[in-house]
Every structure is written in C-alpha cells, then in structure tokens.
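The values are calculated or read from the model by the stated rules, or taken from the named source; none is laboratory data. What you see is a predicted model, and the numbers here were worked out from it, not measured in a lab. Backbone-built Cβ (ideal geometry, glycine too); neighbour counts: all protein chains shown.
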Amino acid sequence: MYKTTGFISFLLRRISGIALVLYLLTHMIVIGSAQNGQAAFDKMMGSVQTPMFKLLEIALLAAVIYHGIDGVRLLVIQAFGITDKRKSLFYTALVMSAILLIAGGIPMLMFALGEF
C-alpha cells in the first residue's frame, strides 16, 4: 500500500500543502512585523534574506509547482473518470513538476549563489 503511486501522490500533496501553510504563516509574521515599526520590519527582512532562506525559496517553488500540477491531475481524473490512467498521469505530473522546477529553480539558485 505504501509503495503505490496513489499513496506517494497523497504523501507529496500533504507535505507540499503543509509547506505552503508554513510559508503563509511565515509570510504573515514578516509582514505583520511592520506594525512594530520600520526597525523591527527591517530586522525581520534581514533575517529572511539569508542564503538559507533563498534556498528554501526553491523548496517553496517545488511545493507550489507540485501541489498545483497534482491538483490539476486530480481534477482531470475526477472530471473525465480516467481512473485507469492514474499511474501514468502521476508520472506525467511528476515529470512536468521536475521540468518546471528546473526551469524556475536554476535562475533562483544562480541568484542565491551570487549573493554569497
């Protein structure tokens, strides 16, 4: 059961969803720090502009891409009743996610490495 594409898809969708929620909370905290004055906001912005956070942005990109593409895959399966093609659609979604992550992640990585 734990090695099926359905379970892997479920697990990746949950992990990416949790990552997106954690990002949203972090984003709200950073933006909310502006209520404490410019010095507090500048300090918070300085802490999230570290090289580690720049690399975490690539992980955020991966979460957004996979979560979105897998959501579309599920909608296609539900709308058209293509249950016999679930496995191939999963691998297609995974490959599409990887291609988009490489296309978007390389410029982000080059920018992050340029900042060291």
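Observations
- Test for residue 65: is it at pLDDT 95 or above and of a type in the set (Val, Ile, Thr): yes
- Checked against the criterion of being within 18 Å of residue 5 (Cβ to Cβ), within 18 Å of the chain's Cα centre (by Cα), part of a helix (DSSP H, G or I) and not β-branched (Val, Ile, Thr), region 76-83 contains not a single residue that satisfies it.
- Screening residue 105 against (1) buried (at least 17 other Cβ atoms within 10 Å of the Cβ); (2) over 13 Å from the mean Cα position of the chain (by Cα) leaves a single unmet condition, (2).
- A search for C-beta distances below 7 Å between a residue of region 36-62 that is over 25 Å from residue 104 (Cβ atoms) and any residue that is assigned to a helix (DSSP H, G or I) and among the small types (Gly, Ala, Ser), counting only pairs 6+ apart in sequence or on different chains, returns 40/33; 41/33; 41/34; 44/33.
- Lone qualifier among 34, 93, 40 - being at pLDDT 95 or above, assigned to a helix (DSSP H, G or I), in contact with a helix residue (DSSP H, G or I) (Cβ under 6 Å, 6 or more places away or on another chain) and not polar (S, T, N, Q): 93
- Some residue of region 50-59 being assigned to a helix (DSSP H, G or I) and hydroxyl-bearing (Ser, Thr, Tyr): no
- Screening residue 31 against (1) β-branched (Val, Ile, Thr); (2) over 30 Å from residue 84 (Cα atoms); (3) over 12 Å from the mean Cα position of the chain (by Cα); (4) surrounded by 13 or more Cβ atoms within 10 Å (Cβ to Cβ) leaves a single unmet condition, (4).
- So residue 77, is it of a type in the set (Val, Ile, Thr) and loosely packed, with under 15 Cβ neighbours inside 10 Å: no
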